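Asks: Following this message is one structure expressed as structure tokens.
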Amino acid sequence: MSAVRTGARQVMAWLHGWTGLLLGWVLFVMCLAGTLSVFKPEIGRWMRPETTATADRADALTAASAFLSKAAPQSFGWYLTLPNDRMNTVEATYDPGSGFVYKALDPRTGAPAPRETLGGEFFYRLHFELQMPFPWGRLLASLAAMVLLLGLITGIIAHRRIFADFFTFRPAKGQRSWLDGHNALGVLALPFHVMISFTGLLTLATLNMPWAISANYGKDVATMFQAFQPGVIDRPAAGKPAPLAPLAPMLREAERRLGRPVGRVTIAHPNDAAAVVTMFRDDTRQIAYAAGAVSFDGATGRVLADFTENRPALQTYGVAYGLHLARFAPLATRWLYFLCGAMLTMAVASGMVLWVVKRRDRAPLSLSNRMVERLNAGVLAGVPIGCIAFLLANRLLPLALPDRAGAEVSAALWSAAAALLLGVALAPKRSWPTLLSILALGCAVAALPGGAYADPVQTGVSITLLATAMGMALLAWKQWRRPAPAPRRRARTQLA
């Protein structure tokens with residue numbers, strides 16, 4: 001029986017290593033972007049320092065609709081997220097005729113913020129779309145989430161002393177130190193890691209588990225969504241122009257019926273006689289995502305549907321979805337999410353480094369493993385450099401630059417690509433300290449005060465960037481002083 005258990009652990013260790021290697025870099029991008037997305041509203045405020053005005057939800061909604069009536073009167077839908085305690089702008093997505101665009105609107109005037117940027121939305125979308133077109137990015141993210149969950153399960157099985165090893169760390173021991181660190185990072189927040197990977201799969205359930213939907217609804221997706229959200233009315237445009245009824249009374253009526261503030265508003269076929277205004281309960285005041293909705297006739301303001309979700313299965317799904325997004329979380333819980341996400345990101349990174357260290361300690365690295373070693377430096381340091389380049393571009397690009405938001409994203413992608421090439425071109429003993437030094441410098445520059453527009457949110461982001469700069473500078477200094485590792489041959493040892 002002992003031999004069977006040992007054999008099973010070896011198989012799990014093999015599966016743990018290879019699945020992690022195949023999608024480890026993708027998982028690193030997803031985990032890093034997801035961790036940053038915990039503070040998506042705060043990042044957005046930091047990247048729009050000129051927009052400091054505040055307004056209540058009704059005034060903000062009225063101002064936004066007035067702007068959109070002029071900017072995108074023919075759009076088939078306006079999708080709005082109203083201001084809350086963490087965000088002072090109206091987030092608007094609409095189609096002006098050239099494809100969907102995202103704008104942050106001033107809550108008082110309804111005009112776009114003077115500093116055009118995606119803000120925290122960039123990291124949020126990167127987390128599950130990976131800057132790839134629909135549906136390929138989401139499919140890859142879904143596959144990576146499956147691999148992450150598989151890696152957690154196989155890692156638990158493979159390490160028979162995983163909890164005991166958590167309390168063990170042996171510095172300056174090469175492979176043993178990396179394994180100790182990897183174990184500690186994985187075990188300390190293990191419940192969070194399992195929860196976030198499983199709920200992440202659920203958020204993309206219509207892509208990775210479509211069979212039940214196909215069996216019940218076939219290709220009739222509209223009927224499926226109607227069954228999921230009875231409070232949302234979907235009807236075709238009438239083709240007859242008609243102005244929208246005042247939105248503020250609809251907002252007050254929706255909040256009365258839902259018993260909570262409204263957080264999101266969608267307006268289908270605006271300025272049409274068949275326009276439908278749907279208002280969703282604010283999910284920053286509850287764990288469950290989108291637990292209630294009220295739909296109005298856009299031309300008359302008459303209530304068309306009123307629904308609060310009470311079905312146990314969908315309530316469970318909504319809670320799982322809400323746990324993943326963490327919009328409900330107060331400040332202390334958000335920091336807990338952030339720290340656990342950072343540990344998951346570092347666990348993925350340390351696992352990728354451990355793959356190389358483990359083989360280098362046994363024998364000279366093969367060509368493929370030398371490529372993995374160089375790609376590790378390029379990806380694990382290059383992706384954070386791309387994130388910092390995104391923040392720096394926000395501060396450095398002219399406000400009047402056409403497609404300024406797209407230029408910020410391009411700066412992030414090209415910077416990450418350049419870091420990747422540098423990591424591949426240089427030997428690891430040079431690429432790691434060089435890239436970490438660039439990252440430390442970028443964080444320090446990005447942490448500079450935002451001028452006269454600084455507020456507590458900007459101060460908090462800047463302090464976080466400064467702390468990151470100091471940490472990266474310390475790591476770079478240690479890497480510059482560290483001698484190049486020499487390959488060693490030794491007998492194969494059992495690690496777990």
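Asks: Scan the stretch 310-336 for residues that are open to solvent by less than 20 Å² (accessible area, probe 1.4 Å) and in a helix (DSSP H, G or I) and report the count.
Replies: Residues flagged as open to solvent by less than 20 Å² (accessible area, probe 1.4 Å) and in a helix (DSSP H, G or I) within the stretch 310-336 amount to 3.
For (1) open to solvent by 50 Å² or more (accessible area, probe 1.4 Å); (2) touching a helix residue (DSSP H, G or I) at 6+ places or on another chain (Cβ under 7 Å); (3) over 30 Å from residue 357 (Cα atoms); (4) in a loop (DSSP other than H, G, I, E, B), each residue gets a yes or a no:
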residue: 394; (1), (2), (3), (4): no, yes, yes, no
residue: 432; (1), (2), (3), (4): yes, yes, no, no
residue: 438; (1), (2), (3), (4): yes, yes, no, no
residue: 449; (1), (2), (3), (4): yes, yes, yes, yes
residue: 471; (1), (2), (3), (4): no, no, no, no
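Asks: Tell me, please, whether a residue that is among the acidic types (Asp, Glu) and in contact with a Leu (Cβ under 7 Å, 6 or more places away or on another chain) can be found in the stretch 287-303.
Replies: So in the stretch 287-303, the residues among the acidic types (Asp, Glu) come out as 297.
The next check asks that each one be in contact with a Leu (Cβ under 7 Å, 6 or more places away or on another chain); those that pass are 297.
Within the stretch 287-303 (the criterion being among the acidic types (Asp, Glu) and in contact with a Leu (Cβ under 7 Å, 6 or more places away or on another chain)), the answer is yes, since at least one residue qualifies.
Asks: Being open to solvent by 40 Å² or more (accessible area, probe 1.4 Å), among the small types (Gly, Ala, Ser) and not in a helix (DSSP H, G or I): is that true of residue 418 here?
Replies: Values: open to solvent by 40 Å² or more (accessible area, probe 1.4 Å): yes; among the small types (Gly, Ala, Ser): yes; not in a helix (DSSP H, G or I): no.
In short, no.
Asks: Find all pairs meeting these conditions: Cβ atoms under 6 angstrom apart; at least six residues apart or on different chains; first residue within the stretch 382-400 and under 20 Å from residue 417 (Cα atoms); second residue assigned to a helix (DSSP H, G or I) and among the acidic types (Asp, Glu).
Replies: Short answer, once both residue conditions are applied: 390/408; 393/408; 394/408.
Asks: Also: Given the conditions (1) without any contact (Cβ under 8 Å) to a residue 60 or more places away in the chain; (2) within 20 Å of the chain's Cα centre (by Cα); (3) within 16 Å of residue 53 (Cβ to Cβ), and given that residue 86 satisfies all but one, which numbered condition is not satisfied?
Replies: Here residue 86 meets the rest and fails (1).
Asks: Another question, then. Pull up the stretch 253-289, narrow it to residues that are charged (D, E, K, R) and crowded, with 21+ Cβ neighbours inside 10 Å, then point me to the one that is modelled with the highest pLDDT.
Replies: Of the residues in the stretch 253-289, the ones charged (D, E, K, R) are 253, 255-257, 260, 264, 272, 281-283, 285.
Imposing the further condition that a residue be crowded, with 21+ Cβ neighbours inside 10 Å reduces the set to 272, 281-283.
Values: 272: 94, 281: 91, 282: 90, 283: 85.
Residue satisfying both the conditions and the ranking: 272.
Asks: Let me ask another. With the requirement that a residue be of a type in the set (Lys, Arg), assigned to a helix (DSSP H, G or I) and farther than 17 Å from residue 20 by Cα, what does the stretch 342-369 give you? Break it down into steps so the answer makes sense when it comes.
Replies: Start the filter on the stretch 342-369 by keeping residues that are of a type in the set (Lys, Arg), which leaves 358-360, 362.
If we keep only those that are assigned to a helix (DSSP H, G or I) too, we end up with 358-360.
Listed by number, the list holds a single entry, 360.
Asks: Here is a list: 51, 81, 19. Which entry is at pLDDT below 95 and either in contact with a Lys or Arg (Cβ under 8 Å, 6 or more places away or on another chain) or crowded, with 23+ Cβ neighbours inside 10 Å (or both)? Before you say what the answer is, go through the steps one by one.
Replies: On the way: 81 fails: at pLDDT below 95; 19 fails: either in contact with a Lys or Arg (Cβ under 8 Å, 6 or more places away or on another chain) or crowded, with 23+ Cβ neighbours inside 10 Å (or both).
Checking each option against the conditions leaves just 51.
Asks: Show me the strands (runs of 3 or more DSSP E) found entirely inside the stretch 204-307 where at least 3 residues are of a type in the set (Gly, Ala, Ser). It would help to see each step written out before you state the result.
Replies: Working: elements: 262-268, 276-281, 292-297.
In the stretch 204-307, the matching strands (runs of 3 or more DSSP E) lie at 292-297.
Asks: A follow-up question, please. Only one residue in 154, 117 is part of a loop (DSSP other than H, G, I, E, B) and open to solvent by less than 20 Å² (accessible area, probe 1.4 Å). Which one? Reasoning before the result, please.
Replies: Values: 154 fails: part of a loop (DSSP other than H, G, I, E, B).
Unique residue meeting the criteria: 117.
The values are calculated or read from the model by the stated rules, or taken from the named source; none is laboratory data. On a predicted model such as this, the values are computed, not experimentally measured, just so you know. Positions of Cβ are generated from backbone atoms using ideal geometry, with glycine treated the same way; all protein chains shown enter the neighbour counts. Accessible surface areas use protein heavy atoms only, side chains included; no ligands, DNA or RNA. Shrake-Rupley method; radii C 1.70, N 1.55, O 1.52, S 1.80 Å.
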